[in-house]
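Novice: The following block contains the structure, expressed as structure tokens.
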Amino acid sequence: MGAPAAESVRGDRVRIPPVLMFHSISCSTAPDPHRVRVTPRRLDAHLRLLRRLGLHGVSLGELVSAQDRGQADGLVGLTFDDGYTDFLTHAVPVLERHGMTATLYVVAGRLGGHNTWDAGPRLDLVDADGVRAVAAAGYEIGSHTLSHVRLAGAAPDVLRHEVCGSRRVLEDLLQAEVRGFCYPWGSFDERAAGAVRDAGYDHACVTGDYLPGDRWSLPRAYVAPGDTALHLLAKLTRHHVRMRGAGVAAA
Ligand SMILES: [Zn+2]
């Protein structure tokens, strides 16, 4: 990966289009206390709205690269956290229908397991074959650590283990570079961001609705289970207003 554009180096705020954050895409009617489930039908409606607005959903890696080239106009980042198996069964068909791509952030030490970091309900995580299948289908795989730990305040050895270790596991598995990182629970601080940068990641994103960050703390907008097209439109608009309010012109 080449040097970041001048406005994208650490310490400077990044001009980035909106990035949407999803987790599980599922028709399940089981309790969803952590509000991580969006139905395929609603995802379809959201992507239809993007198209009506003349926007195109891409992986965060593609978005950042386009931004480095000054060509991110009209793009929206689509990201799915944790690596649930329903990404393959429910998200991919919808994304394909709209000709869009996305990034799946997987917990590299929990492949084939469950979201044990939540109190429940248990959701299935993609295994190694699933990770390869997602990449082979043209979607970006990013790291979400080894065990879904909070990185803010973490000891240096924990940071190294979770940040470098997960990249190594995924690169071994994919035989390809892993450029993107996502902080579990959006938990990060200067040291965590430094560890991510030093591990060789090209960029990283946080969880939730933050002010514009730098290349290793890119903001994202959470898409809630009940969000309608109007909610999504409001979130996209708020992103641009915040970018302008912070003195950063949205690309
Ligand atoms: Zn997560």
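The values are calculated or read from the model by the stated rules, or taken from the named source; none is laboratory data. Values in this document were obtained by computation on a predicted structure and should not be read as measured data. Positions of Cβ are generated from backbone atoms using ideal geometry, with glycine treated the same way; all protein chains shown enter the neighbour counts. Heads up: the accessible areas ignore ligands, DNA and RNA and are worked out on the full protein's heavy atoms, side chains in. Shrake-Rupley method; radii C 1.70, N 1.55, O 1.52, S 1.80 Å.
Novice: Of 49, 59, 95, which is farthest along the charge dipole of the stretch 19-245 in the positive direction, counting Lys and Arg as +1 and Asp and Glu as -1 at C-beta?
Specialist: 49
Novice: I need the calculated FRET efficiency for the pair residue 129 and residue 241, taking r as the beta carbon distance and R₀ as 35 Å, to the nearest 0.05.
Specialist: It comes out at approximately 0.25.
Novice: How far is the Cα center of the stretch 143-174 from the Cα center of the stretch 26-77, in Å?
Specialist: Computed from Cα coordinates, the inter-centre distance equals 25 Å.
Novice: From the residues 217, 155, 112, which one has its Cα farthest along the dipole of the chain in the positive direction, the dipole being from +1 and -1 charges on Cβ of Lys/Arg and Asp/Glu about the Cα centre?
Specialist: It is 217, whose Cα lies furthest towards the positive end.
Novice: Express the accessible area of the stretch 19-245 per residue in Å², computed with a 1.4 Å probe while the remaining protein chains stay in the model. Intermediate results must be reported in sequence, preceding the final value.
Specialist: Numbers: 9300 Å² over 227 residues.
For the stretch 19-245, the per-residue accessible area is 41 Å².
Novice: Can you give me the three principal axis dimensions of the chain from its C-alpha atoms, in Å, biggest first?
Specialist: Per principal axis, max minus min of the Cα coordinates gives 42, 38, 31 Å.
Novice: Next question. Show me 176-184, 89-97, 28-36 ranked by packing, highest mean number of other Cβ atoms within 10 Å first.
Specialist: Going from most to least packed, we get 176-184, 89-97, 28-36.
Novice: Near the amide H of residue 124, under 5 Å away, which other amide H atoms are found, from residues 5 or more places off or on another chain, if H is placed in the peptide plane?
Specialist: 85
Novice: Spelling out what I want: for every residue of the stretch 82-99, take phi, set θ = phi - 60°, compute 6.51 cos²θ - 1.76 cosθ + 1.60 (Karplus), and round to whole Hz; glycine and proline get x.
Specialist: 3J(HN,Hα) across the stretch 82-99, in whole Hz: 5, x, 6, 4, 5, 4, 5, 7, 10, 7, 4, x, 6, 4, 4, 4, 9, x.
Novice: With springs connecting C-alpha atoms under 10 Å apart, model the chain as a Gaussian network and identify which of 129, 68, 157 has the largest mean-square fluctuation.
Specialist: Looking only at 129, 68, 157, the biggest GNM fluctuation is shown by 157.
Novice: Using modelled amide H (1.01 Å from N, peptide plane; none on Pro or chain starts), what sits under 5 Å from the amide H of residue 221, excluding residues fewer than 5 places away?
Specialist: It is 19, 20, 21, by chain and number.
Novice: Where does each of 231-237, 17-23 land if you order them by average Cβ count within 10 Å, highest first? Don't skip to the end; give the middle numbers.
Specialist: Working: 231-237: 16.0, 17-23: 23.4.
Sorting 231-237, 17-23 by mean packing, highest first, produces 17-23, 231-237.
Novice: Quick one: pull the percent of accessible area on the stretch 51-132 belonging to carbon and sulfur, 1.4 Å probe, ligands and nucleic acids left out.
Specialist: 47 percent
Novice: What is the sum of charges, Lys and Arg at +1 and Asp and Glu at -1, for the other residues whose Cβ falls under 11 Å from the Cβ of residue 124?
Specialist: Neighbour charge sum, excluding residue 124 itself: -1.
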